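These notes concern the structure reproduced below.
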Amino acid sequence: MALIYKEYVSTPRLTELGTVASLHAGGSVKFCPGTIAKFNDGLIKAMSMVLTLKDGTSTTCPLSKRVSATVKKALENGATKNDVLGAILNLNICESIDGKITTICAPVGKGGEEEEFVINNSTVKQAVSYDELVAY
């Protein structure tokens with residue numbers, strides 16, 4: 001089967017509801033008890049947060065797998081939970097198009113777009129090999 005080329009049109013699979021901070025102003029955010037240890041032990045696929053509104057009502061919301069992995073790495077490299085919670089406040093809460101899944105998502109890229117790498121002879125001579133990339 002050959003590759004079929006046509007103009008790429010992105011189709012959103014998630015709806016951004018707003019940042020954690022904008023949706024919970026005056027409330028609070030914390031890790032669900034035990035979520036970090038369970039994630040680190042491989043018992044769960046993503047960490048989860050408790051989001052509380054100022055009236056005291058709360059809900060839980062998972063971090064995306066990518067955000068969970070980033071949080072794990074940051075904590076392992078010396079970031080405090082307070083630092084991590086501050087960063088999570090600026091992430092978007094996203095909902096699947098069918099409304100069944102809500103998650104705290106990592107940003108897609110600068111300005112909502114992924115980076116683009118133009119391929120030419122000089123870019124083919126990469127500074128980083130795939131094996132080196134895996135080591136990150």
* State which residue pairs qualify: first residue loosely packed, with under 14 Cβ neighbours inside 10 Å and inside the stretch 20-32, second residue part of a loop (DSSP other than H, G, I, E, B) and at pLDDT below 90 in any location, beta carbons under 7 Å apart, and separation of 6 or more residues or different chains. => 26/54
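Go over the candidates 16, 7 one by one and state the one that is part of a loop (DSSP other than H, G, I, E, B) and of a type in the set (Asp, Glu). Before the answer, list the steps.
Working: 16 fails: part of a loop (DSSP other than H, G, I, E, B).
When all the criteria are applied, what remains is 7.
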* Asked: Within the stretch 122-135, is there a residue that is among the hydroxyl-bearing types (Ser, Thr, Tyr) and either modelled with pLDDT of 80 or more or surrounded by 13 or more Cβ atoms within 10 Å (Cβ to Cβ) (or both)?
  -> no
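Got at least one residue in the stretch 34-46 being of a type in the set (S, T, N, Q), in a strand (DSSP E or B), surrounded by 13 or more Cβ atoms within 10 Å (Cβ to Cβ) and in contact (Cβ under 8 Å) with a residue 24 or more places away in the chain?
Taking the stretch 34-46 as the starting set, the residues that turn out to be of a type in the set (S, T, N, Q) are 35, 40.
Of the ones still in play, those that are also in a strand (DSSP E or B) are none.
Checked against the condition, which is being of a type in the set (S, T, N, Q), in a strand (DSSP E or B), surrounded by 13 or more Cβ atoms within 10 Å (Cβ to Cβ) and in contact (Cβ under 8 Å) with a residue 24 or more places away in the chain, the stretch 34-46 yields no hits at all.
Which of the residues belonging to the stretch 68-101 are assigned to a loop (DSSP other than H, G, I, E, B), β-branched (Val, Ile, Thr) and within 14 Å of residue 17 (Cβ to Cβ)? Show your work before the answer.
Residues of the stretch 68-101 that are assigned to a loop (DSSP other than H, G, I, E, B), as a first pass: 77-80, 90-91, 97-101.
From what is left, the residues that are β-branched (Val, Ile, Thr) are 80, 97, 101.
97, 101 - these are the residues of the stretch 68-101 that are assigned to a loop (DSSP other than H, G, I, E, B), β-branched (Val, Ile, Thr) and within 14 Å of residue 17 (Cβ to Cβ).
Every residue in the stretch 51-75 that is within 15 Å of residue 91 (Cβ to Cβ) and not charged (D, E, K, R), please.
51, 61, 62, 63, 64, 67, 68, 69, 70, 71, 74
The values are calculated or read from the model by the stated rules, or taken from the named source; none is laboratory data. It should be emphasised that the depicted structure is a prediction, and the values quoted were computed from it without experimental measurement. Counting neighbours? That spans all protein chains shown, and the Cβs are built from the backbone with ideal geometry, glycine included.
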